[in-house]
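**Q** Below: one structure in structure tokens.
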Amino acid sequence: MFIGTSIWPSKNEWKGKILFLETSEDEVPPDYIEYYLRNLIAQGIIDEINGIIVGKPQNEKNYEEYKEVYKRLISEEAGRKNLPILYNVNFGHTAPMCILPFGEKVRIDLDKKEIIFLEKPMSE
């Protein structure tokens, strides 16, 4: 919704970042995922990021179809076959829900399906 507005980050602001994506509580068709991913690819954002964390869809509806869209578009259209993508994470508009702090350094371990915080995300 913010793409092309004054608050949308410039391409260089995406460098080295982890992109969080989710479908909210909407149960959108898989071609909606294709639409917004192609937009991010066209803007060059997918070229700049270091990984993607995908939120669990509402009631896990279309989960497998969404996953196939991500894999196909990121690998084939964006040419980022080795870009780490962690799917079905409980953040965003889902239940149960965890909080992912913005701006913290993390590592995504695809083998263990973990997000490892490299810095302390909260102060005491």
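**Q** Which residue, of Glu48, Glu119, is open to solvent by less than 90 Å² (accessible area, probe 1.4 Å), acidic (Asp, Glu), under 20 Å from Lys17 (Cβ atoms) and in contact with a helix residue (DSSP H, G or I) (Cβ under 9 Å, 6 or more places away or on another chain)?
**A** Details: Glu119 fails: in contact with a helix residue (DSSP H, G or I) (Cβ under 9 Å, 6 or more places away or on another chain).
After applying the criteria, what remains is Glu48.
**Q** Against the definition (among the β-branched types (Val, Ile, Thr), surrounded by 15 or more Cβ atoms within 10 Å (Cβ to Cβ) and touching a strand residue (DSSP E or B) at 6+ places or on another chain (Cβ under 6 Å)), how does Ile108 come out, yes or no?
**A** Considered against the rule, which asks whether it is among the β-branched types (Val, Ile, Thr), surrounded by 15 or more Cβ atoms within 10 Å (Cβ to Cβ) and touching a strand residue (DSSP E or B) at 6+ places or on another chain (Cβ under 6 Å), Ile108 comes out as yes.
**Q** Tell me yes or no: at least one residue of region 28-47 is more than 20 Å from Trp8 (Cβ to Cβ) and in contact (Cβ under 8 Å) with a residue 60 or more places away in the chain.
**A** Scanning region 28-47 turns up no residue that is more than 20 Å from Trp8 (Cβ to Cβ) and in contact (Cβ under 8 Å) with a residue 60 or more places away in the chain.
**Q** Here is a list: Lys71, Lys15, Lys61. Which entry is of a type in the set (Lys, Arg) and under 22 Å from Met97 (Cβ atoms)?
**A** Lys61
**Q** In the set Lys120, Lys81, Lys112, Lys67, which member is touching an Asp or Glu at 6+ places or on another chain (Cβ under 9 Å) and either basic (Lys, Arg) or within 18 Å of Met1 (Cβ to Cβ) (or both)?
**A** Lys120
The values are calculated or read from the model by the stated rules, or taken from the named source; none is laboratory data. The shown structure was predicted, so the numbers you read here are calculated from the model rather than taken from an experiment. All Cβ positions, even for glycine, are placed from backbone atoms using ideal geometry, and neighbour counts span all protein chains on display. Remember, those area values only see protein heavy atoms, side chains included, never the ligands or the DNA or RNA. Shrake-Rupley method; radii C 1.70, N 1.55, O 1.52, S 1.80 Å.
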